[in-house]
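Colleague: Pasting a structure here, questions to come.
The values are calculated or read from the model by the stated rules, or taken from the named source; none is laboratory data. Note that the structure is a prediction, hence the values are computed from the model and not measured. Glycine also receives a Cβ, built like all others from the backbone with ideal geometry; neighbour counts cover every protein chain displayed. Keep in mind that these areas ignore ligands, DNA and RNA; they rest on the heavy atoms of the full protein, side chains included. Shrake-Rupley method; radii C 1.70, N 1.55, O 1.52, S 1.80 Å.
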Amino acid sequence: MALEIRKPGLLTTIQDLGRPGYFHLGIPIGGAMDRLSLRAANRLVGNPEDAACLEAVFMGPELVVTEDTLLAVTGGEMPVKLDGAEVPTWTSFAAKKGQVLSFGYLTDGARIYIAVAGGIATEPMLGSRATYAIGALGGVDGRAVAAGDVLPVGDGAGTPGRTVPEALRRRPGRPAELRVLPGLYWHRITEASQKAFFDDEWSVAPEADRMGYRFRGGRPLEFVEREQPFGAGSDPSNIVDGCYPYGSIQVPGGTEPIVLHRDAVSGGGYFMIGAVISADMDLIGQLQPNVPVRFQRVDMDAALKARAERTAVLDEIRAATA
Amino acid sequence: MAKEIQCPLPGIFYRKPAPEEPPFVEDGGAVEAGAVIGLVEVMKSFHEVTAEEAGENIRFEVENEGQVTAGAVLARMD
């Protein structure tokens, strides 16, 4: 069994739940931008939740299945077509040998996850099949899928018609709200800027990608004056190099916040306002360019509560797809 | 009946290959099937938008450097 890629779409990559444990060496966790959608897609086709799927951003690929199989598409909303006939999203469906999977225009969200029973069976690297193109790790020879690729698929079996209830599918609001926990360098900006960051409406910059999501439109930050310490760059947004957590928000030059995502760089010399909480990281993966976004300040208790709530949603999805 | 050219992906739409160059297609111009009518910038790269079929008297619905979504009508032609 294999998936033959006819058209790759814009940027379609093999992703799973990533390769934790190497960030101290500069190798990010990678994996699905929207982890919950990948888990759900896998459950729908009877796979382990961490099996490898295709992640397609903004545009779907076109592919052929080489044997009878079971597929499911989750994540953002994009019409799914099997030999041209539309099939439902977030629901497993059977595909016959030689049938063509294709997609219409994206209508909501940003990324879709295509799961196939048995999972994509390319060679894992450092414990994961996730594509980290900058490091040429995972995927197809370290890269995104291309026309003509034939992706091996493992053995699997599942049931068509399994579905994730509508209420459990998360959509970004307008504006999308991203909850932020202020961090170690919070004191570096003025009180007025601390307030403005959360008061202003931002929008997703077209540069946003798997490494970082850039935002623009809010007021530039004002920094508290200081003599820059030895080892820090001369711009007030510079610090002596530090570790960058996933979700951390750096603001080079004080103008455009960048939230580091799954393919994040692990450290550097930009100050960070704080971090987007883990519960909202999947949501970032579903943000299109130009959509409005607000940052909302939370404390650690609220962040942990939000994480518990997302875990409860995953448990509901598990129950619905059992 | 007017033919529509839809945008395949979200981003920023450009009618010119570079700021100092003329547009790919002038307003009211004709295009051949497969001709590039503009670029969409997203994720630090530029993607060509092509006309699937030939047409004439093209009318753009989106300005140069306008924000676009997937499926948006970029232009109509006869």
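Colleague: Would you kindly calculate the translational diffusion coefficient of the stretch B:28-69, applying Stokes-Einstein with the Kirkwood radius from alpha carbon pairs, for 4 °C and a viscosity of 1.567 mPa s, and quote it in µm² s⁻¹ without decimals?
Modeller: On the way: Rh = 11.3 Å.
Stokes-Einstein gives a translational diffusion coefficient of 114 µm²/s.
Colleague: Now for a separate question. Return the loop-located trypsin sites (Lys or Arg not before Pro) in the stretch B:20-78 (DSSP other than H, G, I, E, B) with at most 12 other Cβ atoms within 10 Å of their own Cβ; answer none if there are none.
Modeller: B:Lys44
Colleague: Now for a separate question. Of all the accessible heavy-atom surface of chain A, with the other protein chains kept in place and a 1.4 Å probe, what percent is carbon and sulfur?
Modeller: Numbers: 6930 of 13100 Å².
Carbon and sulfur: 53 percent of the exposed surface of chain A.
Colleague: Hey, which lysines would be in cross-link range of B:Lys3, C-alpha to C-alpha under 28 Å, not counting anything within fewer than 8 residues on its own chain?
Modeller: Cα-Cα hits under 28 Å: A:Lys7, A:Lys81, B:Lys16.
Colleague: I've got another one for you. In debye to the nearest 20, how big a dipole does the protein assembly as shown give about its Cα centre with +1 on each Lys and Arg Cβ and -1 on each Asp and Glu Cβ?
Modeller: Roughly 1140 debye, rounded to the nearest 20.
Colleague: To make sure I understand the rule: partners must be aspartates and glutamates, Cα under 18 Å from the Cα of B:Lys44, and not fewer than 8 residues away in the same chain. Which ones qualify?
Modeller: B:Lys44 reaches A:Glu207, A:Asp209, A:Glu256, A:Asp263, B:Glu65.
Colleague: Please give me the summed charge of the neighbours of A:Ala121: other residues whose Cβ is under 12 Å from its Cβ, Lys and Arg +1, Asp and Glu -1.
Modeller: Residues close to A:Ala121 contribute a combined charge of -2.
Colleague: Starting from the Cα of A:Lys97, draw a straight line to each of the aspartates and glutamates and keep only those under 19 Å, dropping any in the same chain fewer than 8 residues away.
Modeller: A:Glu4, A:Glu62, A:Glu67, A:Asp68, A:Asp83, A:Glu86, A:Asp149, A:Asp155
Colleague: Turning to a different aspect of this structure: So what is log10(I(q)/I(0)) for the stretch B:3-77 at q = 0.11, 0.23 1/Å, when the Debye sum runs over its Cα atoms only?
Modeller: Calculated log10 I(q)/I(0) at the listed q: -0.22, -1.02.
Colleague: Kirkwood Rh and Cα-based Rg: tell me the resulting Rg over Rh for chain A, rounded to two decimals.
Modeller: Over the Cα atoms of chain A, Rg/Rh equals 1.00.
Colleague: Give a quick list of chymotrypsin sites (Phe, Trp or Tyr not before Pro) in the stretch A:219-322 that DSSP marks as loop, anything other than H, G, I, E or B, with at most 13 other Cβ atoms within 10 Å.
Modeller: Taking the stretch A:219-322 and a limit of 13 other Cβ atoms within 10 Å, the loop chymotrypsin sites (Phe, Trp or Tyr not before Pro) found are A:Phe230.
Colleague: With a cut-off of 8 Å between alpha carbons and a minimum separation of six or more residues, what is the relative contact order of chain A in percent?
Modeller: Computed value for chain A: 20 percent relative contact order.
Colleague: Going through chain B, which GluC sites (Glu not before Pro) have at most 15 other Cβ atoms within 10 Å and a DSSP loop state?
Modeller: In loop regions of chain B (DSSP not H, G, I, E or B), the sparsely surrounded GluC sites (Glu not before Pro) are B:Glu20, B:Glu26, B:Glu32, B:Glu52, B:Glu53, B:Glu56, B:Glu61, B:Glu63, B:Glu65.
Colleague: Please check the stretch A:51-98 for residues whose accessible area, probe 1.4 Å, is lower by 30 Å² or more when all protein chains are in place than in their chain alone.
Modeller: Going by heavy-atom accessible area, the residues of the stretch A:51-98 that drop by at least 30 Å² are A:Phe58, A:Met59.
Colleague: Taking only DSSP H segments of four or more residues, each worth -39500 (n - 2.57), what value at 222 nm results for chain A once the sum is divided by all its residues, to the nearest 500 deg cm²/dmol?
Modeller: Roughly -4000 deg cm²/dmol at 222 nm, from the helical runs in chain A.
Colleague: Given a 1.4 angstrom probe, what's the average accessible area per residue across the protein assembly as shown, in square angstrom?
Modeller: Numbers: 17270 Å² over 400 residues.
Averaged over the residues of the protein assembly as shown, the accessible area is 43 Å².
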